[in-house]
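Trainee: Let me give you the structure first, and then I'll get to my questions.
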Amino acid sequence: MGSLDTNPTAFSAFPAGEGETFQPLNADDVRSYLHKAVDFISDYYKSVESMPVLPNVKPGYLQDELRASPPTYSAPFDVTMKELRSSVVPGMTHWASPNFFAFFPSTNSAAAIAGDLIASAMNTVGFTWQASPAATEMEVLALDWLAQMLNLPTSFMNRTGEGRGTGGGVILGTTSEAMLVTLVAARDAALRRSGSDGVAGLHRLAVYAADQTHSTFFKACRLAGFDPANIRSIPTGAETDYGLDPARLLEVMQADADAGLVPTYVCATVGTTSSNAVDPVGAVADVAARFAAWVHVDAAYAGSACICPEFRHHLDGVERVDSISMSPHKWLMTCLDCTCLYVRDTHRLTGSLETNPEYLKNHASDSGEVTDLKDMQVGVGRRFRGLKLWMVMRTYGVAKLQEHIRSDVAMAKVFEDLVRGDDRFEVVVPRNFALVCFRIRAGAGAAAATEEDADEANRELMERLNKTGKAYVAHTVVGGRFVLRFAVGSSLQEEHHVRSAWELIKKTTTEMMN
């Protein structure tokens, strides 16, 4: 339908009372609609395991199934829910499926869903403390709780035993935002340090990360105005398990400084996307300190594991970095979007990002007793994200969240052992946390006689697996080789799902080789 439909008979169902005063928050409707939505959610989680993980649909399918133009007249909510079930769900990639092993997990929990639902219902816009005191206070509290779980230094906390600290945090949507705002703060500090007039010296600033660093870092650098010619991607190799080599970093930074550039920012990663490599945080901070460069730690995925004492050593040296971010929406049972950014000195961030229009001025902000969270992010408006994070921690407690992490790691270890027990396969890099990078090895058969053959065999294996709908795995390239990534951590996963996926992998590989 190419134009807006104004025919009142074009939509078959109308609620009684069409033409009455529109009440979008009618109390009876709120209760009825949400009950039906909750029933849908509950039924979805009960049945998602039986659904194909990847949908078999084509681009544009939804416009073919649903109306091409918005309806003029209202319909019963049941009609909307029916179309959701019949058209939307079949086109979903089910990240909630226990057979989802691609990318990194996107975890969820009953407490997080409840928190997100309540926050959406309240619909508060907490850009300043005064705009919604509880929203700011809750975010501060949740962040400080998480900081304690991670055993971060008090310099990263909003409130300490002695009162308000110099550091603090903010909940953002994604790691990309955390990188962008810290890059901007580091950029401005470097310009001041180098005596630049405004942004005149921007072309001299250089930034650094390992070649395993997420691509969003390089995107954020461009958004922050850094010259692409000065964005250094430092090669890594098997000798460091694909982590950043501090000696190589020092060599590159010193060469830039000798050439008249200003080393400005280093991104270290704890749990890279491709291989789950861990950059040595303390050693990287020591190198960066020679040049007064800002150090940011991207612990988006693996930061959650550091609530367990046995993994906390991966953050050793964090007291010497300037900022760290981690995303509970990946592995800490808190639904999208929730990235927690901590900085050692909030003033360095707010100095670059704050705005102070007349219509937002108030006594609380002027007192200096609060930090308006709008001044630690790109935009002004913000969601009440702190509620769901607090509800997760308050409901489950540290012990159950640690149990969740340890269970996923144990299941990944089971899968790793299964791979090592089949001589057709190899584990490409040592397993960190709950990701196993594996492949059909070269020489495993005629179909994988050479490295090039093995790459093609692994690509075919992935495509065959994903087409079955019984499992979903993704790939990467490590050391020039096509590698399959098996990420454990979906909230509904149990060990039998991992073992079933392995049986499917073995069966499919045998079929290919025969």
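The values are calculated or read from the model by the stated rules, or taken from the named source; none is laboratory data. Note that this is a predicted model, so its numbers are computed, not measured. Neighbour counts are summed over all protein chains in view; Cβ atoms, including those assigned to glycine, are modelled from backbone coordinates with ideal geometry. Calculation scope for accessible area: heavy atoms of the full protein, side chains included, ligands and nucleic acids excluded. Shrake-Rupley method; radii C 1.70, N 1.55, O 1.52, S 1.80 Å.
Trainee: List the aspartates and glutamates whose alpha-carbon lies under 19 Å from that of LYS400, not counting same-chain residues fewer than 8 positions away?
Mentor: Filter leaves ASP144, GLU310, ASP408, GLU494, GLU495.
Trainee: At 1.4 Å probe size, with the rest of the protein present, what percent of the exposed accessible area of segment 125-383 is carbon and sulfur atoms?
Mentor: Of the solvent-accessible surface of segment 125-383, carbon and sulfur hold 53 percent.
Trainee: With label points built 7 Å along Cα→Cβ from the Cα atoms of THR166 and ARG312, find their separation and express it in nm.
Mentor: If labels sit at THR166 and ARG312, their model points lie 2.4 nm apart.
Trainee: Computed FRET efficiency, Cβ-Cβ of ASN151 and ALA410, R0 22 Å: what is it to the nearest 0.05?
Mentor: It comes out at approximately 0.50.
Trainee: Per residue, how large is the accessible surface of segment 328-460? Use a 1.4 angstrom probe and give square angstrom.
Mentor: Averaged over the residues of segment 328-460, the accessible area is 43 Å².
Trainee: Put +1 on the Cβ of each Lys and Arg and -1 on the Cβ of each Asp and Glu in segment 397-513; which of VAL428, ALA399, ASN458 then has its Cα farthest toward the positive end of the dipole?
Mentor: Going by the Cα projections, it comes out as ALA399.
Trainee: Find the relative contact order for the chain and round it to a whole percent, using C-alpha pairs within less than 8 Å whose residues are 6+ positions apart.
Mentor: About 20 percent, as a whole number.
Trainee: So, one more: Candidates [x] 22, 60, 18, 0; [y] 21, 54, 23, 2; [z] 20, 48, 29, 3; which is the computed P(r) over Cα pairs in 20 Å bins from 0, in percent?
Mentor: Correct label, based on the coordinates given: [z].
Trainee: If you don't mind, there's one more thing I want to ask. Sorted by accessible area with a 1.4 angstrom probe, largest first, how do MET391, MET122 fall?
Mentor: MET122, MET391
Trainee: Also, I was wondering about something else. Taking every DSSP beta bridge that has both residues in the chain, what percent is antiparallel when rounded to the nearest 5?
Mentor: Antiparallel: roughly 60 percent of the beta bridges in the chain.
Trainee: Moving to a separate point now. Of all trypsin sites (Lys or Arg not before Pro) in segment 319-410, which ones are in loop regions per DSSP and have a Cβ with at most 12 other Cβ atoms within 10 Å?
Mentor: Those satisfying the criteria are LYS361.
Trainee: Right, next: Run through segment 463-497 and list the GluC sites (Glu not before Pro) located in a DSSP loop whose Cβ has at most 15 other Cβ atoms within 10 Å.
Mentor: GLU494
Trainee: Given charges of +1 on the Cβ of Lys and Arg and -1 on the Cβ of Asp and Glu, with all other atoms neutral, how large is the dipole of the chain about its Cα centre, in debye to the nearest 20?
Mentor: The calculated dipole for the chain is roughly 220 debye.
Trainee: Separate question: Any idea how far the Cα center of segment 401-476 sits from the one of segment 227-263, in Å?
Mentor: Cα centres, segment 401-476 to segment 227-263: 31 Å.
Trainee: Between SER74 and SER120, what FRET efficiency follows from the Cβ-Cβ distance if R0 is 25 Å, with the result rounded to 0.05?
Mentor: Once rounded, the FRET efficiency stands at 0.70.
Trainee: Provide the gained length on full extension for the span LYS507 to GLU137, in nm with one decimal, where the gain is 0.36 nm per separating residue minus the Cα-Cα distance.
Mentor: 127.8 nm
Trainee: Need one value: the accessible area of ARG248 in square angstrom, 1.4 angstrom probe, rounded to the nearest 10.
Mentor: We get 90 Å² for ARG248.
Trainee: List the GluC sites (Glu not before Pro) within segment 357-449 that fall in a DSSP loop (any state other than H, G, I, E or B) and whose Cβ has at most 16 other Cβ atoms within 10 Å.
Mentor: Listed in order of number, the matching sites are GLU369.
Trainee: On to the next question. Under the 0.36 nm per residue contour assumption, what length would be gained going from the current alpha-carbon distance of GLU319 and LEU84 to full extension?
Mentor: Gain in length upon complete extension: 79.8 nm.
Trainee: Mind checking which lysines have their Cα closer than 30 Å to the Cα of LYS467? Skip sequence neighbours fewer than 8 apart in that chain.
Mentor: LYS46, LYS58, LYS82, LYS330, LYS413, LYS506, LYS507
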